[in-house]
1. Please pick out the residue among SER17, SER21, SER52 that is of a type in the set (S, T, N, Q), in contact with a strand residue (DSSP E or B) (Cβ under 7 Å, 6 or more places away or on another chain) and open to solvent by less than 30 Å² (accessible area, probe 1.4 Å).
2. Within the range 24-35, how many residues turn out to be open to solvent by 30 Å² or more (accessible area, probe 1.4 Å) and closer than 19 Å to PHE47 by Cβ?
3. For the list (1) of a type in the set (A, V, I, L, M, F, W, C); (2) over 13 Å from the mean Cα position of the chain (by Cα); (3) open to solvent by 30 Å² or more (accessible area, probe 1.4 Å), I need the number of the one condition that VAL12 fails.
4. Could you please give the count of residues in the range 55-93 that are open to solvent by less than 10 Å² (accessible area, probe 1.4 Å) and either of a type in the set (Gly, Ala, Ser) or at pLDDT below 95 (or both)?
5. Show me the strands (runs of 3 or more DSSP E) entirely contained within the range 11-91 in which 1 or more residues are of a type in the set (A, V, I, L, M, F, W, C) and more than 19 Å from ALA108 (Cβ to Cβ).
6. Could you figure out which of (1) in contact (Cβ under 8 Å) with a residue 24 or more places away in the chain; (2) closer than 16 Å to GLY8 by Cα; (3) of a type in the set (Ser, Thr, Tyr) isn't true of SER25?
7. Among the residues of the range 67-89, which ones are of a type in the set (Lys, Arg) and within 11 Å of GLY16 (Cα to Cα)?
8. How about the range 94-117: which of its residues are open to solvent by less than 50 Å² (accessible area, probe 1.4 Å), in contact with a Leu (Cβ under 8 Å, 6 or more places away or on another chain) and in a strand (DSSP E or B)?
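The values are calculated or read from the model by the stated rules, or taken from the named source; none is laboratory data. As the structure is a computational prediction, the values presented were derived from the model and not from experiment. Here the Cβ positions follow ideal geometry from the backbone for every residue, glycine too, while neighbour counts run over all protein chains shown. Quick note on the areas: whole protein, heavy atoms, side chains included, nothing else; ligands and nucleic acids left out. Shrake-Rupley method; radii C 1.70, N 1.55, O 1.52, S 1.80 Å.
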Amino acid sequence: QVQLVESGGGLVQAGGSLRLSCAASGYTFSSYGMAWFRQAPGKQRDFVAAMSSGGNPNYADSVKGRFTISRDNAKNTVYLQMNSLKTEDTAVYYCSGSIWGYTSTRAANYVYWGQGTQVTVSS
């Protein structure tokens, strides 16, 4: 049984930083692409960042230069370092896992999902 468990969300002031973690179990983590999506109230779930099994990152334009995705295959964990946070980054952040080594910006291409972690950025 595959499980993805996010942690690290919270309340932070604009300009601050947070680091999200997503621990995977029951899953050959190193073989597959991983991604972060986010969903604000009343909005669709949007792509944030992804990393292929080979370590190639991909970012949404809205977070480029501020967010960094990384993965530690030895720990079966993917991270999202978020710097220079803005109020518009407020959302529930979801970790997702693919069944392919490459990544996609489409949520429909990810099979496994975590429960989400709330990130709130105050002004």
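1. Numbers: SER17 fails: open to solvent by less than 30 Å² (accessible area, probe 1.4 Å); SER52 fails: in contact with a strand residue (DSSP E or B) (Cβ under 7 Å, 6 or more places away or on another chain).
The conditions single out SER21.
2. Keep residues of the range 24-35 that are open to solvent by 30 Å² or more (accessible area, probe 1.4 Å), which gives 25-26, 28, 30-32.
Next, only the ones that are closer than 19 Å to PHE47 by Cβ stay: 32.
Going through the range 24-35 one residue at a time, the tally reaches 1.
3. That leaves (3) as the condition not met.
4. Keep residues of the range 55-93 that are open to solvent by less than 10 Å² (accessible area, probe 1.4 Å), which gives 63, 67, 69, 78, 80, 82, 85, 89, 91, 93.
This time we only want the ones that are either of a type in the set (Gly, Ala, Ser) or at pLDDT below 95 (or both), so: 91.
Looking only at that region, the number is 1.
5. Working: elements: 18-25, 34-39, 45-51, 57-59, 67-72, 77-82.
Those strands (runs of 3 or more DSSP E) span 18-25, 67-72, 77-82.
6. Here SER25 meets the rest and fails (2).
7. So the first thing to find is which residues in the range 67-89 are of a type in the set (Lys, Arg), and the list is 71, 75, 86.
Listed by number, the list holds a single entry, LYS86.
8. Taking the range 94-117 and keeping what is open to solvent by less than 50 Å² (accessible area, probe 1.4 Å), we get 94-98, 101, 103-104, 107, 109-110, 114, 116-117.
Filter once more, keeping what is in contact with a Leu (Cβ under 8 Å, 6 or more places away or on another chain): 95-97, 114, 117.
Correct list: CYS95, SER96, GLY97, THR117.
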